[in-house]
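See below for the structure under consideration.
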Amino acid sequence: MTALSGPPSTATPPPQPPQTPAAVQRSSPAYEPALTLQRTIKYESDRVIGFGRQVMSVPGCEQLQNCIQCGTCSGLCPLSIYMDHTPRQVMELVRSDFKKEVLRSTTIWLCASCYACTVECPKQIRITDIMYELKQRAISEGFYPKRFPIPVLAQEFYKMSHRRGRVTENFLATIMFLKTNVLAAVGMWRLGLNLLTRGRFPLKVEGIKRRDELERMMAVVDKLSIDALAGNGNGGNGSHHGTH
Amino acid sequence: MKFSYFPGCSLKGTGRAYEESLLPVLKAVGVEVEELDDWNCCGATAYMAVDEVKACVMASRNLAIAEKAAAHQQLLAPCSACYLVLNKTKHYLHESPAVERVVQKALRQGNLTYSGNVPVRHPLDVLVNDIGLAEVKKRVKRPLKGLKVAPYYGCQIVRPYATFDDQYNPVLMDRLLEAVGCTVVTYPLKTRCCGGSLTGTLPEPGLLCSYILLKEAITRGADVVATVCPLCQFNLDCYRDKMAAKWGDETIPDPADPAARVPIGPRLDIPVVFFTQLIGLAFGLSERELGLQRGFAPLRLPATAAAPAPAAV
């Protein structure tokens, strides 16, 4: 092949000229970075001191302080390839008090609770439970994009099961699509029809008989949580954290 | 043997074929079930993301009602999410007395108390460990000879608690399916995540999770995927058109000729059923009785298994 280097040398010049403008064209957007540049290093001043300790005080999240940053969680997680911060990074960001980065990350919402990380963590950190804790904080403190479907689904699920005692999945999904992406709802008509013809799309909304009983139970929780906050008592019982 | 039965929301809706097939199978092996009086949503994963204490109240209300039905103090939870949430609540209340106090106060509103004494069981556990494979085998009228099954357990019945099976390589469903005559193919992804509710909320990553599972089953030469969870079944069964549009051109080794590669698109119609549907078929129940018509891809039995049974339609 190298012996034939003579003839190809005459063949290579023609393709080269068209190559250069194409390359420039392709990379040209990268030369207008003014609006997108962001610093990639975190400043000490970005920290919200005490955030990490707050999270680690919640039952089930204590082991986080022992994280050795091995990355087992990130390697195992079937969804980490879509996350902005991998689970390992989130663990360190929590521990180091980078509250906004954590609560705004897509990571906590992409966690589908498969518990693979929790089972494999060599330091017995319950990563899935920490993700739940972070989801609760992100919702209660308003740290997520309003039309992002996952927290919307979580809250609609909460409301429906709260009010009716049971969840009717197809109605729940419909509400979620109407609140986040109406176009996606339109795109689901075929699935809806397929489910309907197979008797898997109930037209009746399910509910329990003693709805008032459930309501009273939830009222007790609300009252006790508020009392706990006011009395500064055994806070961090997992519900209604002191917002800051 | 009698159990309180906690169906959960999915088994009354999109996953009703699971209930339709589970109940006759249990009846055939002599397990009596009584639906839990006025059961409520277990709380599932979504509720935990909003309020953990209230999620515990939701779950423990069911456990407390089961306690009251004193004659049969075991709770049967066929849905993986319900199974996990009920067990998780028990662990959580045991570990956090502060939360338990709140839950007890809340439950008093319904004249209920929680003692933590109700075992939460999964049908796989009951069928293998209480009834036994020998008893199951005895009831087989039509062995599903030659039917190659990929056993898919999903995540939440083995994680984070390994309550009745191996956490890394669960085998109880393999044994059950073998007992009714199926051939179980090697399926290393048996506990990988199906994407959960992400298939509906963020299709890009969600569908990939489900697609990987189907692709593996097809590549391994399975005729059918057997599941134990209504959400897994829904994800693998109901989004095939979207998967085919996205990845239909991908090629896999041809099971008939390992040297050749074939596009996966036409093979994505592999049926995805509940393990109880296969057991029911082997027990001689008809496809309609077992809710098999509710699947998006029809189950075709190989000639060796489709022995003339008068009940089959």
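The values are calculated or read from the model by the stated rules, or taken from the named source; none is laboratory data. Since the model is a prediction, treat every value here as computed from it, not as a measurement. Cβ coordinates were reconstructed from backbone atoms using ideal geometry, including for glycine residues, and neighbour counts include every protein chain displayed.
Which of the following residues is closer than 27 Å to A:F201 by Cα and either not hydroxyl-bearing (S, T, Y) or not assigned by TED's automatic domain parsing to the domain that holds B:L84 (or both): B:D237, B:D257?
Only one candidate qualifies: B:D237.
Among the residues of segment B:28-42, write down those that are more than 7 Å from every other protein chain (Cβ to nearest Cβ) and within 15 Å of B:N87 (Cα to Cα).
The answer is B:C42, and nothing else.
Kindly indicate whether B:E216 is acidic (D, E), closer than 25 Å to B:A134 by Cα and in the same structural domain as B:I157 (by TED's automatic domain parsing).
Answer is no for this residue.
Tell me which of these B:A46 doesn't satisfy, since it passes every other one: (1) at pLDDT 95 or above; (2) in a helix (DSSP H, G or I); (3) within 30 Å of A:I127 (Cα to Cα).
(1)
What tally of residues in segment A:177-207 results from selecting those that are in contact with a Phe, Trp or Tyr (Cβ under 9 Å, 6 or more places away or on another chain), more than 30 Å from B:L292 (Cβ to Cβ) and either facing chain B (nearest Cβ under 7 Å) or of a type in the set (S, T, N, Q) (or both)?
1
Pick out, from segment B:76-152, the helices (runs of 4 or more DSSP H) lying fully within it that include 1 or more residues that are away from every other protein chain (no Cβ under 12 Å).
In segment B:76-152, B:80-95, B:133-138 are the helices (runs of 4 or more DSSP H) which contain 1 or more residues that are away from every other protein chain (no Cβ under 12 Å).
Per-residue answers, yes or no, for (1) within 26 Å of B:D237 (Cα to Cα); (2) among the basic types (K, R):
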position: B:D125; (1), (2): yes, no
position: B:A134; (1), (2): no, no
position: B:V140; (1), (2): no, no
position: B:G146; (1), (2): yes, no
position: B:A150; (1), (2): yes, no
position: B:Y153; (1), (2): yes, no
position: B:R159; (1), (2): yes, yes
position: B:T163; (1), (2): no, no
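Being on the phi < 0 side of the Ramachandran plot and of a type in the set (G, A, S) is the filter here; which residues of segment B:148-183 pass it?
Once the filter is applied, which keeps residues that are on the phi < 0 side of the Ramachandran plot and of a type in the set (G, A, S), segment B:148-183 yields B:A150, B:A162, B:A179.
If I filter segment B:120-132 for residues that are outside the structural domain of B:L36 (by TED's automatic domain parsing) and at positive phi, do I get at least one hit?
Yes - at least one qualifying residue is present in segment B:120-132.
Do we find that B:K190 is more than 7 Å from chain A (Cβ to nearest Cβ), among the basic types (K, R) and part of a loop (DSSP other than H, G, I, E, B) in this structure?
Considered against the rule, which asks whether it is more than 7 Å from chain A (Cβ to nearest Cβ), among the basic types (K, R) and part of a loop (DSSP other than H, G, I, E, B), B:K190 comes out as yes.
Would you please name the residue that is nearest to B:R16 (Cα to Cα), looking only at residues in segment A:129-176 that are of a type in the set (V, I, T) and within 7 Å of chain B (Cβ to nearest Cβ)?
Filtering segment A:129-176 for residues that are of a type in the set (V, I, T) and within 7 Å of chain B (Cβ to nearest Cβ), the one nearest to B:R16 (Cα to Cα) comes out as A:T168.
Tell me, which residue of segment B:10-24 that is within 13 Å of A:R166 (Cβ to Cβ) and touching a residue at least 60 places away in the same chain (Cβ under 8 Å) is nearest to the other protein chains (Cβ to nearest Cβ)?
B:S10
Name the single residue, out of those in segment B:114-134 being among the β-branched types (V, I, T) and modelled with pLDDT of 95 or more, that is surrounded by the fewest Cβ atoms within 10 Å (Cβ to Cβ).
Taking the candidates together, the pick is B:I131.
Just for helices (runs of 4 or more DSSP H) wholly inside segment A:73-178: which have at least 1 residues that are of a type in the set (G, A, S) and either touching a helix residue (DSSP H, G or I) at 6+ places or on another chain (Cβ under 6 Å) or assigned by TED's automatic domain parsing to the domain that holds A:V205 (or both)?
A:116-120, A:127-140, A:149-164
Kindly provide the set of residues from segment B:138-173 that are within 12 Å of B:I279 (Cα to Cα), in contact with a Cys (Cβ under 9 Å, 6 or more places away or on another chain) and not aliphatic (A, V, I, L, M), ordered by number.
The one that is within 12 Å of B:I279 (Cα to Cα), in contact with a Cys (Cβ under 9 Å, 6 or more places away or on another chain) and not aliphatic (A, V, I, L, M): B:P143.
If you check A:R126 against the conditions, is it within 14 Å of chain B (Cβ to nearest Cβ), basic (K, R) and either under 22 Å from B:G206 (Cβ atoms) or touching a residue at least 24 places away in the same chain (Cβ under 8 Å) (or both)?
yes
Select, from B:D254, B:D241, B:D249, the only residue that is closer than 18 Å to B:A150 by Cβ and surrounded by fewer than 24 Cβ atoms within 10 Å (Cβ to Cβ).
Checking each option against the conditions leaves just B:D254.
Assess whether B:A64 counts as being in a helix (DSSP H, G or I), more than 10 Å from chain A (Cβ to nearest Cβ) and surrounded by fewer than 24 Cβ atoms within 10 Å (Cβ to Cβ).
yes
Condition check: away from chain A (no Cβ under 12 Å), of a type in the set (S, T, N, Q) and in a helix (DSSP H, G or I). Does B:S4 satisfy that?
No, not satisfied.
If B:N111 passes every condition in (1) within 20 Å of the chain's Cα centre (by Cα); (2) surrounded by fewer than 18 Cβ atoms within 10 Å (Cβ to Cβ) but one, which one does it miss?
(1) is the only condition that B:N111 fails.
Quick check: is even one residue across segment B:24-32 of a type in the set (D, E) and surrounded by fewer than 23 Cβ atoms within 10 Å (Cβ to Cβ)?
Within segment B:24-32, one or more residues are of a type in the set (D, E) and surrounded by fewer than 23 Cβ atoms within 10 Å (Cβ to Cβ).
Of all residues in segment B:184-227, count the ones that are on the phi > 0 side of the Ramachandran plot and surrounded by fewer than 22 Cβ atoms within 10 Å (Cβ to Cβ).
The qualifying residues number 1.
State the number of residues belonging to segment B:227-248 that are at pLDDT 95 or above and acidic (D, E).
Of the residues in segment B:227-248, 1 are at pLDDT 95 or above and acidic (D, E).
Do the conditions hold for B:A150, that is, is it over 20 Å from B:A77 (Cβ atoms), buried (at least 23 other Cβ atoms within 10 Å of the Cβ), under 14 Å from the mean Cα position of the chain (by Cα) and assigned by TED's automatic domain parsing to the domain that holds B:G280?
Yes.
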